Every structure is written in C-alpha cells, then in structure tokens.
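K.L.:
Below is a structure I'd like to ask you about.
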Amino acid sequence: MVEKKSGMFVVPGERIGVIEEFIPDRGTYVENGVIYASNVGYLLIDQVSRKVSVHPVTREACVPRVGSIVVGHVVNVQSAMAFIRIIKVGKRFLSGFFTGVLHISDIEEKFTEDIFDAIKLGDLVRAKVISEANRTYHLTTRGERLGVIFALCSKCGGVLKLRGKSKKEGKNLYCEDCGNIESRKIASDYGLGNL
Ligand SMILES: [Zn+2]
C-alpha cells in the first residue's frame, strides 16, 4: 500500500513519506526522517528514481483549449463515458478544477468493448482536449503518449505495475500486493511518475 500517489493534492506540512523510501526533491522538506510538503500543490513521485517533489499550483488563469494535453483523475465511470477532473493543462498545474468527458469511442484507436477494461475510477490519465462544445471538455486518449499513467488495484488499493512479456487478453497490469491482474488503456510511460 502507498501512503500517497502522484497527482495528489498536498498542503504544506503534509506527510509524504520517509527518507528510507523516497528521495526528497523540490517543494519538500525533511524532519526526523519524514518528508513533508513545503508547497501547496500536486505530488509527483518518480517511480524509477524514487524522487518526490511538489509542483505548486499556478495562480494565473489557465484554461484547457482544443489541442491541450491535460492530466486528471477519473472521478466517475459510466458505461459509455468517463469523467476526468483536470489537474494540469500543458505544463501548468491548476488551482481551479475543470472536468473533462472521455467518451468510450475516444479511448483508443480500436473498438473498446467494455469501458471498465480501459479506465477505472481513481486512475490518473493523460488526455487531449478534442472539443469544448457546450462548455464541456471532450477528451481523447488515442495515441501512444495518452492514456492511464498511474493506477491502483481495484481489489486492494496497491500500485498496479506493468506486466512483462506474457500479456494475455490484453491485461497489461498486475498488483504486487495481491496478484490481481487488470487492464487499462495505458500511456507509453505508464508508472514512470511523469505527469
Ligand atoms: Zn491488489
């Protein structure tokens, strides 16, 4: 189980983890071996280097536009669409929240039979804005760089890791804690901690 995950909103003084586990970086401080946030912002955990940093939210107005690459959390999944709370537009983390809609037909190039095999509640997703009709941000995750970038096990909450060679039935993620196997429409840099 992880205490914190990439993309979480943190406030100064909030405990992120311990130095045995992570390397404190920008936007953090250490007291008695515990790493805390020194900024208001979004947590970034680099799963490879183990560096943790906090990216401050911007005070400037920043609104998603058609063509923007956004990052957000999946807050609701229905049979034909998923709703994504946008926390980052381009390089900027947002102080105000926007919600985007990802329709099942815009998830991947191929036909998505079951939306729950591609995206789940709580996933962190990178997507592109394809339209803003009726003040709704319509998103797509088609393309290699787009899709789920971080996900937790739907059974135990453990971190889902990429599976190795023997991917069958397109189930590409596994949980180290409970052995559960799940599938997602993942981005090519899944699990690397890039927001
Ligand atoms: Zn699990």
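The values are calculated or read from the model by the stated rules, or taken from the named source; none is laboratory data. In this text, all values refer to a predicted model and were calculated from it rather than measured experimentally. All Cβ positions, glycine included, derive from the backbone under ideal geometry; neighbour counts span all protein chains shown. Remember, those area values only see protein heavy atoms, side chains included, never the ligands or the DNA or RNA. Shrake-Rupley method; radii C 1.70, N 1.55, O 1.52, S 1.80 Å.
K.L.:
Give me a count of the residues in region 69-101 that are open to solvent by 40 Å² or more (accessible area, probe 1.4 Å) and either β-branched (Val, Ile, Thr) or part of a loop (DSSP other than H, G, I, E, B) (or both).
P.N.:
Summing the residues that are open to solvent by 40 Å² or more (accessible area, probe 1.4 Å) and either β-branched (Val, Ile, Thr) or part of a loop (DSSP other than H, G, I, E, B) (or both) in region 69-101 gives 7.
K.L.:
Could you list, in sequence order, all residues of region 41-68 that are modelled with pLDDT of 85 or more, more than 13 Å from GLY17 (Cβ to Cβ) and open to solvent by less than 70 Å² (accessible area, probe 1.4 Å)?
P.N.:
GLY41, TYR42, SER49, HIS55, PRO64, GLY67, SER68
K.L.:
If I filter region 179-189 for residues that are open to solvent by 50 Å² or more (accessible area, probe 1.4 Å) and under 17 Å from the mean Cα position of the chain (by Cα), do I get at least one hit?
P.N.:
Looking for residues that are open to solvent by 50 Å² or more (accessible area, probe 1.4 Å) and under 17 Å from the mean Cα position of the chain (by Cα), one finds at least one in region 179-189, hence yes.
K.L.:
Quickly run through region 91-126 and pick out the residues that are among the hydrophobic types (A, V, I, L, M, F, W, C), closer than 20 Å to ASN172 by Cα and in contact (Cβ under 8 Å) with a residue 40 or more places away in the chain.
P.N.:
Passing the criteria: ILE107, ALA118, ILE119, LEU121, LEU124, VAL125.
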